[in-house]
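One structure is given below, encoded as structure tokens.
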Amino acid sequence: MTQIAQRLATLGETIFTEISQLALAHGAINLGQGFPNFDGPDFVKDAAVEAIRAGHGQYARMFGIPELCRAIAERFATDTGLSIEPDAQVTVTSGCTEALAASFLGLVNPGDEVVLFEPYFDSYRACVAMAGAVPRFVTLRPPDFALDEAQLRRAFSDRTRVILVNTPHNPTGKVFSRAELDLIAALCRKHDVIALTDEVYERLVFQGEHICLATLEGMAERTVTLSSLGKTFSLTGWKIGWAIAPPPLTAGVRAAHQFLTFATATPLQHAAVAALRAPDSYYRDFLAAYRTRRDLLVDGLARIGFEVYPPHGTYFVLADHTRFGFEDDVSFCRHLIEHVGVAAIPSSFFYATPEHGRSLVRFAFCKDEPVLREALGRLSSLAGR
Ligand SMILES: Cc1ncc(COP(=O)(O)O)c(C=O)c1O
């Protein structure tokens with residue numbers, strides 16, 4: 001019998017752990033969890049080695065080393081045009097995951113309502129539960145995962161404390177449009193709501209434009225912008241993330257961060273400075289390589305017979321599996337791992353109402369081209385079904 005506290009007991013183990021273990025046991029190619037099978041750039045790794053050799057081995061300043069807070073503020077100013085005070089508005093965390101947890105624990109009171117879009121990255125649900133808050137869901141539906149204005153309006157009330165917006169969005173690959181973000185911003189202003197924006201895929205936009213919610217009218221003072229190094233620099237294991245917010249909201253984030261982890265790995269913070277000062281060519285090449293991988297997987301899945309919803313951003317693609325005749329997404333993914341040799345994530349785990357995701361599976365394309373080709377080769381055995 002496990003002894004998990006009530007507030008977490010219903011959430012179970014994350015689906016990523018389960019699928020990765022099954023994939024390993026069956027020698028399946030793992031297109032499930034979103035980590036690259038290639039390494040980050042040498043100039044960032046070299047900076048980490050140098051920092052370790054230089055003796056940066058003790059606790060860092062609680063909210064981040066001064067150089068990194070400055071580099072994050074400079075990057076943010078270049079990308080968004082918003083000028084921020086590094087020591088007062090940036091908090092360095094152990095990945096975006098910790099930034100999310102610190103934001104929820106430091107800003108949300110038990111009983112507050114939180115608006116989430118489903119499908120969602122699974123840690124959001126857990127953060128809401130850990131904060132003792134009440135989730136209100138708005139469903140993004142295929143084929144285009146457009147925002148349902150009426151449903152969004154209904155989700156807001158005088159008890160709403162936070163809305164969490166993830167753009168570009170995992171798992172749909174949706175990039176929220178300006179009109180959608182304008183609507184969200186208007187509702188935040190009307191109901192005096194804090195926006196948390198998870199922008200870890202900000203550099204992976206193939207179609208449309210990444211818009212930082214904080215840049216919209218009246219939003220800088222009510223938005224916590226979260227991001228991290230992991231996706232953009234193919235270093236998901238480093239877990240360097242951050243939260244950018246006006247001082248009153250930063251106070252909440254730091255109130256929790258100081259007791260969650262206190263500080264983040266010092267030498268990796270030094271290396272993150274080098275990463276954030278990467279030339280524009282780094283970001284261009286990074287996006288171009290992902291565009292090639294996206295096209296390869298999207299076209300390949302469509303040829304095999306999936307109904308594919310080509311992502312506008314992120315390194316994930318959702319596909320409808322129903323024409324292959326399986327009962328649901330879980331039985332389809334089990335078959336894929338055990339008999340086809342490819343792992344994908346059953347999408348029902350991304351929904352509060354699992355039925356909404358039963359027809360969909362998520363594939364990750366943060367893998368090099370030979371691996372993607374091999375996976376497509378294996379998946380082509382489905383075509384005859
Ligand atoms: C939407 C989203 N947010 C946050 C994270 C986690 O970011 P980090 O590795 O920086 O904690 C992920 C990782 O998959 C993600 O997909």
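The values are calculated or read from the model by the stated rules, or taken from the named source; none is laboratory data. What you are looking at is a predicted structure, and each value in this text was computed from that prediction instead of being measured. Note: ideal-geometry Cβ built from the backbone for every residue, glycine included; neighbour counts use all protein chains shown. Note: accessible area is taken over every heavy atom of the protein model, side chains too, but ligands, DNA and RNA are not part of it. Shrake-Rupley method; radii C 1.70, N 1.55, O 1.52, S 1.80 Å.
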**Request:** Any chance you could count how many residues in region 19-32 are assigned to a helix (DSSP H, G or I) and either under 28 Å from Leu287 (Cβ atoms) or open to solvent by 60 Å² or more (accessible area, probe 1.4 Å) (or both)?
**Result:** 7
**Message:** Can you report the number of residues in region 295-318 which are open to solvent by 20 Å² or more (accessible area, probe 1.4 Å) and not in a helix (DSSP H, G or I)?
**Reply:** 5
**Request:** Consider only pairs whose beta carbons are under 6 Å apart and that are at least six residues apart or on different chains; among these, list those whose first residue lies in region 124-150 and is closer than 17 Å to Gly357 by Cβ and whose second residue is in a loop (DSSP other than H, G, I, E, B) and open to solvent by less than 50 Å² (accessible area, probe 1.4 Å).
**Result:** Phe137/Ala352; Leu140/Thr172; Phe145/Thr172; Phe145/Lys174
**Asked** Inside region 356-385, can you point out the residues that are at pLDDT below 95 and open to solvent by less than 30 Å² (accessible area, probe 1.4 Å)?
**Response** Leu382
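Could you list, in sequence order, the residues of region 310-325 that are touching a Lys or Arg at 6+ places or on another chain (Cβ under 9 Å) and either under 18 Å from Pro171 (Cβ atoms) or aromatic (Phe, Trp, Tyr) (or both)?
Within region 310-325, Pro310, Pro311, His312, Gly313, Thr314, Tyr315, Phe316, Val317, Leu318, Ala319, Thr322, Phe324 meet the criteria.
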**Message:** Against the definition (crowded, with 20+ Cβ neighbours inside 10 Å, away from the ligand (no atom under 15 Å from the Cβ), modelled with pLDDT of 95 or more and not polar (S, T, N, Q)), how does Ala150 come out, yes or no?
**Reply:** no
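Conditions (1) under 23 Å from Leu82 (Cα atoms); (2) in contact with a strand residue (DSSP E or B) (Cβ under 7 Å, 6 or more places away or on another chain); (3) part of a helix (DSSP H, G or I); (4) open to solvent by 30 Å² or more (accessible area, probe 1.4 Å), marked per residue:
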| residue | (1), (2), (3), (4) |
| --- | --- |
| Ala186 | yes, no, yes, yes |
| Arg189 | yes, no, yes, yes |
| Thr197 | yes, yes, no, no |
| Gly218 | yes, no, no, no |
| Ser227 | yes, yes, no, no |
| Thr232 | yes, no, no, no |
| His257 | no, yes, yes, no |
| Val273 | yes, no, yes, no |
| Arg293 | no, no, yes, yes |
**Fill in**
Across (1) assigned to a strand (DSSP E or B); (2) within 13 Å of the ligand (Cβ to nearest atom); (3) among the charged types (D, E, K, R), Arg125 clears everything bar (1)
**Prompt:** Between a first residue in region 106-123 that is of a type in the set (Asp, Glu) and a second residue that is at pLDDT below 95 and within 13 Å of the ligand (Cβ to nearest atom), which pairs have beta carbons less than 6 Å apart while being 6 or more apart in sequence or on different chains?
**Reply:** Asp122/Thr14
**Item:** Sole residue being assigned to a loop (DSSP other than H, G, I, E, B), of a type in the set (Phe, Trp, Tyr) and either away from the ligand (no atom under 16 Å from the Cβ) or surrounded by 14 or more Cβ atoms within 10 Å (Cβ to Cβ) (or both), chosen from Phe117, Phe16, Phe35, Phe43
**Value:** Phe35
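Tally up the residues in region 237-251 that are more than 11 Å from the ligand (Cβ to nearest atom) and surrounded by fewer than 19 Cβ atoms within 10 Å (Cβ to Cβ), please. Give the steps one after another, and end with the answer.
Our first condition is that a residue be more than 11 Å from the ligand (Cβ to nearest atom); within region 237-251, this holds for 243-251.
Next, only the ones that are surrounded by fewer than 19 Cβ atoms within 10 Å (Cβ to Cβ) stay: 246-248, 251.
Total meeting the criteria: 4.
Each row is one residue, and each column tells you yes or no for (1) at pLDDT 95 or above; (2) farther than 21 Å from Ala126 by Cα; (3) more than 16 Å from the ligand (Cβ to nearest atom); (4) open to solvent by 20 Å² or more (accessible area, probe 1.4 Å).
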position: Leu68; (1), (2), (3), (4): yes, yes, no, no
position: Arg75; (1), (2), (3), (4): yes, yes, no, yes
position: Ala88; (1), (2), (3), (4): yes, yes, yes, yes
position: Ser94; (1), (2), (3), (4): yes, no, no, yes
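Of all residues being in a loop (DSSP other than H, G, I, E, B) and out of contact with any His (no Cβ under 9 Å at 6 or more places or on another chain) in region 61-76, which is nearest to Arg293 (Cα to Cα)? Just the residue, please. Walk me through how you get there before you give the answer.
Taking region 61-76 and keeping what is in a loop (DSSP other than H, G, I, E, B), we get 61-65.
Restricting the remaining residues to those that are out of contact with any His (no Cβ under 9 Å at 6 or more places or on another chain) gives 61, 64.
Details: Arg61: 39, Gly64: 34 Å.
Only one residue tops the list, namely Gly64.
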**Request:** Please name all residue pairs, on different chains or six or more residues apart, with Cβ atoms under 6 Å, provided the first residue is in region 175-203 and is on the phi < 0 side of the Ramachandran plot and the second residue is away from the ligand (no atom under 13 Å from the Cβ) and among the hydroxyl-bearing types (Ser, Thr, Tyr).
**Result:** His191/Thr160; Val193/Thr160; Ala195/Thr223; Arg203/Tyr283
**Item:** Count of region 96-114 residues which are in contact with a helix residue (DSSP H, G or I) (Cβ under 9 Å, 6 or more places away or on another chain) and more than 16 Å from the ligand (Cβ to nearest atom)
**Value:** 4
**Prompt:** From the set of residues in region 319-355 that are over 16 Å from Leu379 (Cα atoms) and part of a helix (DSSP H, G or I), which is most open to solvent (accessible area, probe 1.4 Å)?
**Reply:** Glu355
**Prompt:** Mind checking which residues of region 207-216 are open to solvent by 20 Å² or more (accessible area, probe 1.4 Å) and in contact with a strand residue (DSSP E or B) (Cβ under 8 Å, 6 or more places away or on another chain)?
**Reply:** Gln207, Gly208, His210
